[in-house]
Amino acid sequence: MATLEIRDLHVTVEADNATKEILKGVDLTVKQGETHAIMGPNGSGKSTLAYSLAGHPKYTITGGTVTLDGEDVLEMSVDERARAGLFLAMQYPVEVPGVSVSNFLRTSATAIRGEAPKLRTWVKEVKEAMQRLNMDPSFAERNVNEGFSGGEKKRHEILQLELLKPKVAILDETDSGLDVDALRIVSEGVNRVRETGEVGTLLITHYTRILRYIKPDFVHVFADGRIAESGGAELADKLENEGYEAYTKGGVSA
Ligand SMILES: Nc1ncnc2c1ncn2[C@@H]1O[C@H](COP(=O)(O)OP(=O)(O)O)[C@@H](O)[C@H]1O
Ligand SMILES: [Mg+2]
């Protein structure tokens, strides 16, 4: 079983000519087949964790380790991370002008599988995955994220997730900007991937809403750059009732 291990991760960013520590010692282990939810107030550093795992150049790792199956993730290029089986869906995905969804997916699948998927089976695979997500076939010919609505961006993420079959998937605010129908479709996609038992999922979210559709095995509360508390699904119920106040005393910006 593949395991993502984050140990005592410290991360800084440069802002206003100053170095600011955002992650202050994150410890987390995600195994293939497990679903973890990271929840926490705005500004607590959840997206910073996702960007740091993605290898975004803006975020400097100043301490700690991240390994996938014992391999040093922090030493890997962005491409190598994807090939190693890490999948990252960002809160604000970038546009890729001139590259269609269909080409993007095939290029990604080729990079990850080590060979180009056979065209005929691939076309069928994509079509079926799109049907499951209630996506119009014409979507495959649009440019990646160009003019996508919030719901389309999120469906596109889940489409990638289903087709690329990573070992560990990190989904940052996959629920944001979704109406109830889109939320259900996206959640069903995550649950389908989960049922294969082959993907470890780290679901980052501010709201408890998506956890009505996806039941996490573990819930972690993120506050001021680290995990303040961990528990089972019942912790999400507590957060739904009580909010994050208990974790933000002492001045985390909300
Ligand atoms: N690229 C960046 N430049 C400057 N500050 C940043 C950057 N990324 C994050 N921060 C700061 O780090 C803190 C955590 O932000 P973020 O990780 O986006 O939190 P969350 O996703 O939990 O809302 C915030 O104070 C934010 O302003
Ligand atoms: Mg965020």
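The values are calculated or read from the model by the stated rules, or taken from the named source; none is laboratory data. All values derive from a computational prediction rather than experimental measurement. Reconstructed Cβ throughout: ideal geometry from the backbone, glycine too, with neighbour counts over all protein chains shown. What goes into the accessible areas is simple: the full protein's heavy atoms, side chains included, and nothing from ligands, DNA or RNA. Shrake-Rupley method; radii C 1.70, N 1.55, O 1.52, S 1.80 Å.
Sparsely packed loop sites in the range 1-86 (the trypsin sites (Lys or Arg not before Pro) outside DSSP H, G, I, E and B with at most 13 other Cβ atoms within 10 Å) comprise Lys58. Go through Lys31/Lys238; Lys24/Lys46; Lys24/Lys215 and tell me which ones have a Cα-Cα distance over 18 Å in this structure. Long pairs (Cα-Cα over 18 Å): Lys31/Lys238; Lys24/Lys215. Here is how the number arises for the chain: DSSP H runs of 4 or more residues each give -39500 (n - 2.57), the sum is divided by the residue count, and the result at 222 nm is -10500 deg cm²/dmol. Counting only DSSP beta bridges with both residues in the chain, the antiparallel share comes to about 60 percent. Stretching the chain fully between Asp136 and Glu245 yields a gain of 35.0 nm (0.36 nm per residue, less the alpha carbon separation). The order of the peptides 111-123, 129-141, 171-183 by mean Cβ neighbours within 10 Å, most packed first, is 171-183, 129-141, 111-123.
Rolling a 1.4 Å probe across the protein heavy atoms gives the chain an accessible surface of 48 Å² per residue. Simple point charges give the picture: +1 on the Cβ of Lys and Arg, -1 on the Cβ of Asp and Glu, and for the chain a dipole about the Cα centre of about 620 debye. Here's the picture: a label point sits 7 Å out from the Cα of Glu195 along the beta-carbon direction, and within the range 7-41 the residues with their amide nitrogen under 19 Å of it are 33-36.
If the segment from Asp16 to Thr29 were pulled out straight at 0.36 nm per residue, it would be longer than the present Cα-Cα gap by 1.4 nm. Overall, the anisotropy analysis places the range 125-210 in the oblate class: the square-rooted eigenvalues a ≥ b ≥ c of its C-alpha gyration tensor yield a/c not less than 1.5, with a/b not exceeding b/c. Positive end of the charge dipole of the range 125-232 (Lys, Arg +1 and Asp, Glu -1 on Cβ, about the Cα centre): tell me which of Gly231, Gly147, Val193 has its Cα farthest that way. The one lying farthest along the dipole's positive direction is Gly231.
Rounded, prolate or oblate for the range 40-95? Axes are the square roots of the Cα gyration tensor eigenvalues, ordered a ≥ b ≥ c, and the cut-off for rounded is a/c under 1.5.
Oblate, since a/c reaches 1.5 and b/c is not below a/b.
Within the accessible area of the chain, the carbon and sulfur atoms contribute 48%, probe 1.4 Å, all protein chains present. Modelled spin labels at Ser230 and Glu80, positioned 7 Å past Cα toward Cβ, are 2.7 nm from each other.
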